[in-house]
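The structure appears right after this line, and notes come after that.
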Amino acid sequence: MPSPLVFTNPAMPEYWASAFDVVPFPIYVVDMQTLELINVNRAMRKRTGEIDGRKCYEAIYGKDKPCAFCAIGNMQNGEMGQTVIFEHFNDTDDRWYQLQETRIAWFDGRPAKYSIAVDVTQLKGAQNALAEAHADLAIKNRELERLTVTDSLTGIGNRRHLTAVLDHELASARRSHLPLSVLLIDVDRFKQVNDTFGHQTGDSVLAQVAGIIVRNIRATDAAGRWGGEEFIVACPGTSAQAGAAVAEKLRAAIAAHAFPTVGSITCSIGVAEWAEGETAGLLLARADAALYVAKGAGRNRTSVAGGPLSG
Ligand SMILES: Nc1nc2c(ncn2[C@@H]2O[C@H](COP(=O)(O)OP(=O)(O)OP(=O)(O)O)[C@@H](O)[C@H]2O)c(=O)[nH]1
């Protein structure tokens, strides 16, 4: 009993033609030795015209030598009925095809392969659009995430970001037993800046102060705008003494900066080192108390908090 893939009935070529002409997808049969097209169905002829007898690579792909992706090489020693399925972009008509190619024996015994080519260009387009939409969404989500932790005026971390950073740094300090200091920075007499030069100039001063802070701290430090004209810097691995040095550096940099329209401004800074068992709220309360001392002592200075507040 011959394999159903070995066509032996001499009437078969006609049968083949009538059966495959009703299939709406292009189907063609190639002689595996000569690479000549033995049979081409109606859907294929509609696309290519009469190409029977021509080399497949030349008639279908407009090439002057066999295609690099041709499956015939791998089929030469394969089993009858061996099938490969792959997708291919045909640049002669700029369309994607899914090709299903099967090894057969033609009616006269010649080894051949027949190919069914399904145009999947639209499907590919939809897949690509979906992939693009996913990528776009991922980028937008990322941007949204960034915006929720960014202060829109200064571009540095906002209060939400700082709260998360402080929680994280406190947990790290608890584990590592390394010191952690926070700096609470407040622009001096900022109301005057607004009142004298207008709110817009005030905004610009805040953005510049943020820039000075960010440029003068370590990559491992975290800075953000706590609100209004107040900024916080968290310095992991930093004692109160070292924190005071960072504060003085920032204070001097801000005092030395020439702010357009406004001239010079100053700031006061409260520094507190985290004490074992202390919450972020209590740590900030101590930094705030130190800031209050700095303001009371005449502003444009740094004050370091004493030990933890009781209660
Ligand atoms: N331009 C601008 N001003 C702001 C912003 N947020 C808060 N302010 C202003 O900052 C000023 C803070 O004033 P105060 O709290 O009295 O403090 P100060 O004038 O800096 O005085 P001291 O802190 O005592 O030196 C207020 O006038 C607020 O309106 C902002 O986003 N932009």
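The values are calculated or read from the model by the stated rules, or taken from the named source; none is laboratory data. It should be emphasised that the depicted structure is a prediction, and the values quoted were computed from it without experimental measurement. Reconstructed Cβ throughout: ideal geometry from the backbone, glycine too, with neighbour counts over all protein chains shown. Accessible surface areas use protein heavy atoms only, side chains included; no ligands, DNA or RNA. Shrake-Rupley method; radii C 1.70, N 1.55, O 1.52, S 1.80 Å.
A few notes on this one:
- If you bin all the Cα-Cα distances of segment 163-311 at 10 Å, starting from zero, the percentages per bin are 12, 44, 31, 11, 2.
- Area accessible to solvent at TRP274, 1.4 Å probe radius, in Å²: 20
- Per residue accessible area in Å² of segment 236-302, where ligands, DNA and RNA are left out and the probe is 1.4 Å: 43
- Considering only the Cα atoms of the chain, their convex hull presents on average a projected area of 29.4 nm².
- Whole-percent carbon and sulfur share, accessible surface of the chain, 1.4 Å: 55
- Descending by average beta-carbon neighbour count within 10 Å, the peptides 73-85, 121-133 line up as 73-85, 121-133, the highest first.
- MRE, 222 nm, helices only [DSSP H, n ≥ 4, -39500 (n - 2.57), over the chain, to nearest 500]: -13500 deg cm²/dmol
- Residue list for segment 193-216, given a label point 7 angstrom along the Cα-to-Cβ vector of ALA258 and an amide N cut-off under 20 Å: 197, 201-202, 204-213
- Tensor-based shape of segment 104-202 (alpha-carbon gyration tensor, a/c under 1.5 rounded, otherwise prolate or oblate): oblate
- Selected from GLY53, VAL187, GLN98, residue furthest toward positive end of dipole (the chain; charges at beta carbon): VAL187
- Solvent-accessible heavy-atom area per residue, rounded to whole Å², over segment 29-78 at 1.4 Å: 54
- Each residue of segment 27-40 is assigned a 3J(HN,Hα), and the resulting list reads 10, 8, 10, 10, 5, 6, 7, 9, 6, 8, 7, 8, 8, 9 Hz, derived from the Karplus form 6.51 cos²θ - 1.76 cosθ + 1.60 (θ = phi - 60°), x at Gly and Pro.
- The chain: relative contact order as a whole-number percent, Cα under 8 Å and 6+ apart: 13
- Simple Cβ-charge dipole of segment 51-203, Lys/Arg +1 and Asp/Glu -1, about Cα centre, in debye nearest 20: 380
- Phi-derived couplings, Karplus 6.51 cos²θ - 1.76 cosθ + 1.60 at θ = phi - 60°, listed residue by residue for segment 60-73: 9, 10, x, 9, 9, 8, x, 5, 5, 8, 3, 7, 4, x Hz, with x used for Gly and Pro.
- Hydrophobic long helices, here whole DSSP H runs in the chain with Kyte-Doolittle means of at least -1.0 and Cα atoms spread over 27 Å or more along the helix axis, are found at 121-148.
- Under the shape rule built on the C-alpha gyration tensor, where the axes satisfy a ≥ b ≥ c, segment 12-123 is rounded, since a/c falls short of 1.5.
- Spin-label model, ARG174/ASP93: points 7 Å from Cα along the beta carbon direction are separated by 6.8 nm.
- Restricting attention to the chain, the count of lysine pairs at 8 or more positions apart or across chains with alpha carbons under 28 Å apart stands at 17.
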